[in-house]
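The values are calculated or read from the model by the stated rules, or taken from the named source; none is laboratory data. Small disclaimer: the values here were computed from a predicted structure and weren't measured. Cβ placement follows ideal geometry from the backbone for every residue including glycine, while neighbour counts extend to all protein chains displayed. Calculation scope for accessible area: heavy atoms of the full protein, side chains included, ligands and nucleic acids excluded. Shrake-Rupley method; radii C 1.70, N 1.55, O 1.52, S 1.80 Å.
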Amino acid sequence: DMAFSEAVAKAGGEKINVCFQCGTCTASCPVNRVNENYNPRLILRTASLGLTKRVLPSDLIWLCAVCYSCTERCPRNVRPTEVIRAIRNLAVKRGYVHPFFKMQAGAIVNFGRIYEEEEFINEMRADMGLPSIPPVNLEEVTKVLQRTKVKELLAAEKEGSGT
């Protein structure tokens with residue numbers, strides 16, 4: 001899908017096609033140090049070649065820690081972090097959402113945060129001399145989720161899957 005590279009550029013990864021594959025992003029990446037399969041250079045290359053069936057369903061696009069180490073060191077100012085974020089956004093729009101993020105989003109829909117238990121957290125905070133966390137205004141969270149269409153994105157079918 002040769003239009004994919006352009007879609008990534010329009011979604012915030014403007015300089016995807018400026019990358020000359022030097023590998024500085026991968027060498028700078030702390031995630032790569034703990035998971036040798038995580039390779040930002042390869043993610044960018046796969047996306048720039050339009051290999052959507054390889055890049056969009058990949059669990060690897062979700063591993064970016066958004067630390068900006070790659071962006072700080074990129075000699076071409078490609079901004080790999082932003083390119084990967086754009087790829088993630090397109091993946092979601094096309095129905096590819098990592099199960100972990102679906103689980104977190106479901107918790108936010110139900111509880112207004114990524115965890116249900118407020119009492120336990122407040123007990124821990126009290127032990128550390130910290131004030132309690134305020135209760136969540138679920139009505140406000142629901143408005144934000146409706147406006148951003150999170151539920152629709154999470155319910156979206158994978159592009160071309162028919163499921």
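General remarks:
- q = 0.13 Å⁻¹: log10 I(q)/I(0) that the Debye formula gives for the chain, counting C-alpha atoms only: -0.74
- From helices alone, the chain scores -14500 deg cm²/dmol at 222 nm; the rule is -39500 (n - 2.57) for each run of n ≥ 4 DSSP H residues, then divide by the residue total.
- Extension gain from Lys143 to Arg76, taking 0.36 nm per residue of separation minus the Cα-Cα distance: 20.1 nm
- By the Cβ distance rule (another cysteine Cβ under 4.7 Å), the unpaired cysteines of the chain are Cys19, Cys22, Cys29, Cys64, Cys67, Cys74.
- Semi-axes of the equivalent ellipsoid of segment 88-134 are 31, 10, 8 Å, computed as sqrt(5λ) over the eigenvalues of the C-alpha gyration tensor in descending order.
- When the alpha carbon gyration tensor of segment 1-59 is reduced to an equivalent ellipsoid, the three semi-axes, largest first, read 20, 14, 9 Å.
- Top of Glu152, Glu82, Glu119 by mean-square fluctuation, Gaussian network on the chain, Cα under 10 Å: Glu119
- Mean Cα-pair separation over length for the chain, i.e. relative contact order, pairs under 8 Å, 6 or more apart, %: 23
- In segment 38-89, trypsin sites (Lys or Arg not before Pro) in a DSSP loop with at most 16 other beta-carbon atoms within 10 Å: Arg76
- Put simply, the C-alpha atoms of segment 40-91 give a gyration tensor, and the ellipsoid matching it has half-axes of 18, 12, 8 Å, longest first.
- Volume per residue of the convex hull around the Cα atoms, evaluated for segment 78-163, comes out as 139 Å³.
- Counting protein heavy atoms only, the chain has 53 percent of its accessible area on carbon and sulfur, 1.4 angstrom probe.
- In degrees, nearest ten, helix 80-93 long axis to first principal axis of the chain (Cα): 70
- Packing-based ranking, highest mean first, of 94-105, 132-143, 61-72 given that Cβ atoms within 10 Å are counted: 61-72, 94-105, 132-143
- Protein heavy-atom accessible surface, 1.4 Å probe, per residue over segment 21-98: 50 Å².
- Degrees, to the nearest 10: 138-147 long Cα axis against longest axis of the chain: 20
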